[in-house]
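In what follows, a structure is listed as structure tokens, so that the remarks can point back to it.
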Amino acid sequence: MPATVSRVPRLAAALAACAAIAGCGSLDNVSNRIVGSIAPYKVEVVQGNFVSKEQVEAIKPGMSRQQVRDILGTPLVTSIFHADRWDYVFTLNRQGVPSQERRLTVFFKGNVLDRFEGDEMPTEADFVASIDNKRKNAKIPPLEASEEKLKQFAAAPSAAASAAAPAASAPAPATNYPPLEAPGR
């Protein structure tokens, strides 16, 4: 009988451990749902060289490498195995927006631009509009001043001048100050 009595606490402990493990499994499922609903902040990652449609239109076959570099900037990828090829790659990863990737490859023959190929590039204005999501619903203020506004601003300096007139009658500030250091001994 004493052998069965000592087995009861062990059996109870084993059953409690199994129940705790089973409970952890369902608790783990709840915690996954909670953590899954809270999305962390994701940093916008911009990599590479943005090349606009205007820049692509500015390069022409026959230009030197330096002229192409002046227009497009330093290429992102150059290879010693492909010395006559420059790759311009641009990627933008933003939260809630599909990632953007654009490529432009420039080919040279010697020191002269031979050809270029790549994705359709957006204009600078289109690109700025696509990344400027902070001001979509913002009201744009008018950039013209009405006659009433001009009169209002013209009247303000005269009021400031009249407020400054009593200050002119105040005693003049001292122009002779004591030395900063004690005189030498």
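Can you give me the number of residues within the range 68-111 that are in a loop (DSSP other than H, G, I, E, B) and of a type outside the set (A, V, I, L, M)?
Within the range 68-111, residues that are in a loop (DSSP other than H, G, I, E, B) and of a type outside the set (A, V, I, L, M) number 11.
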Residue check for residue 81: in contact with a Lys or Arg (Cβ under 8 Å, 6 or more places away or on another chain) and either modelled with pLDDT under 85 or over 26 Å from residue 129 (Cβ atoms) (or both): no
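Anything in the range 123-161 that is aliphatic (A, V, I, L, M), closer than 22 Å to residue 96 by Cα and either modelled with pLDDT of 65 or more or touching a Pro at 6+ places or on another chain (Cβ under 9 Å) (or both)? List them, or say none. Before the answer, list the steps.
Here is the first cut: in the range 123-161, the ones aliphatic (A, V, I, L, M) are 125, 128-129, 131, 138, 140, 143, 145, 150, 154-156, 159-161.
Applying the additional criterion that residues be closer than 22 Å to residue 96 by Cα yields 125, 128-129, 131, 138.
If the condition is that a residue be aliphatic (A, V, I, L, M), closer than 22 Å to residue 96 by Cα and either modelled with pLDDT of 65 or more or touching a Pro at 6+ places or on another chain (Cβ under 9 Å) (or both), then 125, 128, 129, 131 are the ones that fit.
So which residues in the range 48-66 are surrounded by 11 or more Cβ atoms within 10 Å (Cβ to Cβ) and either out of contact with any Leu (no Cβ under 8 Å at 6 or more places or on another chain) or assigned to a loop (DSSP other than H, G, I, E, B) (or both)? Break it down stepwise before answering.
At the first step, the residues of the range 48-66 found to be surrounded by 11 or more Cβ atoms within 10 Å (Cβ to Cβ) are 48-61, 63-65.
49, 50, 51, 52, 53, 54, 57, 58, 59, 60, 61, 63, listed by residue number.
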Only one of 94, 103 that is surrounded by 11 or more Cβ atoms within 10 Å (Cβ to Cβ) and at pLDDT 85 or above: 103
Neighbours by Cβ (under 9 Å, 6+ apart or cross-chain): first from the range 76-90, without any contact (Cβ under 8 Å) to a residue 40 or more places away in the chain; second of a type outside the set (Ser, Thr, Tyr) and loosely packed, with under 12 Cβ neighbours inside 10 Å: 76/47; 84/109; 84/110
Of the criteria (1) at pLDDT 80 or above; (2) within 25 Å of residue 126 (Cα to Cα); (3) out of contact with any Phe, Trp or Tyr (no Cβ under 8 Å at 6 or more places or on another chain); (4) not basic (Lys, Arg), which one residue 64 fails: (2)
Residue match in the range 42-58 (condition: at pLDDT 75 or above and at positive phi): yes
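Filtering the range 67-91 down to residues that are of a type outside the set (Phe, Trp, Tyr) and under 26 Å from residue 43 (Cα atoms), which residue is surrounded by the fewest Cβ atoms within 10 Å (Cβ to Cβ)? Before you say what the answer is, go through the steps one by one.
First pass over the range 67-91, keeping only residues of a type outside the set (Phe, Trp, Tyr): 67-80, 82-85, 87, 89, 91.
From the residues that got through so far, the ones that are under 26 Å from residue 43 (Cα atoms) too are 73-77, 87, 89, 91.
On the way: 73: 13, 74: 9, 75: 20, 76: 16, 77: 14, 87: 17, 89: 18, 91: 14.
Restricting to residues being of a type outside the set (Phe, Trp, Tyr) and under 26 Å from residue 43 (Cα atoms), the top hit is 74.
The values are calculated or read from the model by the stated rules, or taken from the named source; none is laboratory data. On a predicted model such as this, the values are computed, not experimentally measured, just so you know. Backbone-built Cβ (ideal geometry, glycine too); neighbour counts: all protein chains shown.
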